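Nothing in this text is a laboratory measurement; each read-out follows from the coordinates by a stated rule. Everything numeric here is computed off the predicted structure, so don't read it as measured data. Neighbour counts are summed over all protein chains in view; Cβ atoms, including those assigned to glycine, are modelled from backbone coordinates with ideal geometry.
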Amino acid sequence: MFERRVHGEVPKKHHTTLRDAEGRLRWEECITRDGFDGPYTIAYHAHRPHQAARSDAQHGWRVPVPGAPPPIAKRHYKSFELPRPGGPAIDARVPLLFNRDVVCGVLHPSVDDPVYFSNGDADDLFYVFEGGGTLRSAFGDVRFERDDYVYVPRGTLHRFLLDPGASQYWLSLECLGGMGLPKQWRNDVGQLRMDAPYCHRDFRTPLFEGPREEGIRDVVVKKNGTFHGFRYDTPPLDLVGWDGTVYPWVFPILAFQPRAGLVHLPPTWHGTFAARGALICSFVPRVVDFHPDAIPCPYPHSSVDVDEILFYCRGNFTSRKGVGPGSVSFHPAGIPHGPHPGAYEASVGATRTDELAVMLDCYEPLEVTPAAASVEDLGYHDSFVA
């Protein structure tokens, strides 16, 4: 849902005939959002795209279910202490925090996906904390590396191919109500504004090569929290062309252009992606506030509307003690939160910060999975007491 692109063979007008060199009819598939009122892509297949038979393909991860909420407290989850069983990306996700809008987790895939996967429940956004590889879909291949966001639209057949020998450590955000770019960064025709914190050139899109035969016929679809297997008689990645605005892309977090002000700016200035009930922010190395009396460290605030998650990547986290790469802090709505003792005062006079982190603000209360609870830093809340 970014900008219109067209690749390969398409007819002069949509919903009209497109034939191959032998006169055989191509099959048009309309990939739509918001019913027929939102962004869409029209794809052209060599074979019927809707002929898959049911199969017993068994793949997927453990989807979290609601339960009794724990007592309200500031929390810190050490995701780097979770077991790393590996396996393909389709099986490797470990959800940590979730609500009806978003599921936040981590994964450590170690092998290429053996099947194609389509998430019928959500748009998927990954942050590649460690590793790299290629996202393969019918739209083509797009490479991703460390510090990249990788976006896969709902319903997109795809699989991940991993760089050989690379350690993989990804943050996953399953956006159950969809995901896109914040409206404030776009003009009336959908183009990114000149004052947006990124530009169209920062986004990498798939390189379309036409139909692809990998010998894979199995597809797994996630819908309503359950995984369903299907099998095709023909190659699923059989597009001869496509035209539209719905497709995967990659965005490097370090391409985000941070803002600095006379005094401290609120987190919304770091807003990078918008999801239903959530804002995803990127904190990147930057200069800080330049008023002679500015306090660069984030001020304490009473979060009465949103739960906040921070995934720490690297750098000097001036407002927090005891966190490091792979830490996930969770500050729920209802109680004030802010910097650790001493951090607020010590930040006076600072001119820049080298922190790198991904933040998620959610309006719906977040629930904690057993996996997150198993790696909780139980002394975190009390560490704010001077």
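Some notes on this structure:
- The 3J(HN,Hα) values that the Karplus relation (6.51, -1.76, 1.60; θ = phi - 60°) gives for the range 203-218 are, in residue order, 8, 9, 10, x, 8, 6, 10, x, x, 10, 10, 10, x, 9, 10, 7 Hz. Gly and Pro appear as x.
- In sequence order, the range 371-380 has phi-based couplings of 4, 5, 4, 6, 10, 6, 7, 6, x, 5 Hz under the Karplus curve 6.51 cos²θ - 1.76 cosθ + 1.60, θ = phi - 60°, and Gly or Pro positions carry x.
- Separation of alpha-carbon centers, the range 295-372 and the range 77-144, rounded to whole Å: 24 Å
- Once the Cα-Cα distance is subtracted from the 0.36 nm per residue extended length, the HIS291 to ASN187 segment shows a gain of 34.3 nm.
- A straight line joining the Cα centroids of the range 207-255 and the range 1-37 runs 16 Å.
- Options SER167, THR156, GLY180, ranked by Cα towards positive dipole end of the range 132-180, top entry (Cβ charges): THR156
- The dipole here belongs to the chain: it is taken about the Cα centre, uses +1 on the Cβ of Lys and Arg and -1 on the Cβ of Asp and Glu, and is about 440 debye.
- Neighbours of SER329 by Cβ distance under 10 Å: Lys/Arg scored +1, Asp/Glu scored -1, total +1.
- Charge context of PHE98, other residues only, Cβ under 10 angstrom, K/R +1, D/E -1: -3
- With contributions of -39500 (n - 2.57) from each DSSP H run of at least four residues, the per-residue ellipticity at 222 nm computed over the chain stands at -500 deg cm²/dmol.
- Estimated FRET transfer efficiency when R0 is 30 angstrom, pair GLN51-ARG201 (beta carbons, to 0.05): 0.15
- Footprinting exposure proxy ranking of MET359, MET194, fewest other C-beta atoms within 10 angstrom first, gives MET194, MET359.
- Relative contact order of the range 111-218: 33 percent, from C-alpha pairs under 8 Å at least 6 residues apart in sequence.
- Dipole of the range 257-384 computed with +1 at Lys/Arg Cβ and -1 at Asp/Glu Cβ about the Cα centre; of ALA343, PHE384, PHE330, farthest Cα towards the positive end is ALA343.
- Cβ crowding within 10 Å, taken as a proxy for footprinting-reagent exposure, orders PHE139, PHE290, PHE144 from fewest neighbours to most as PHE290, PHE144, PHE139.
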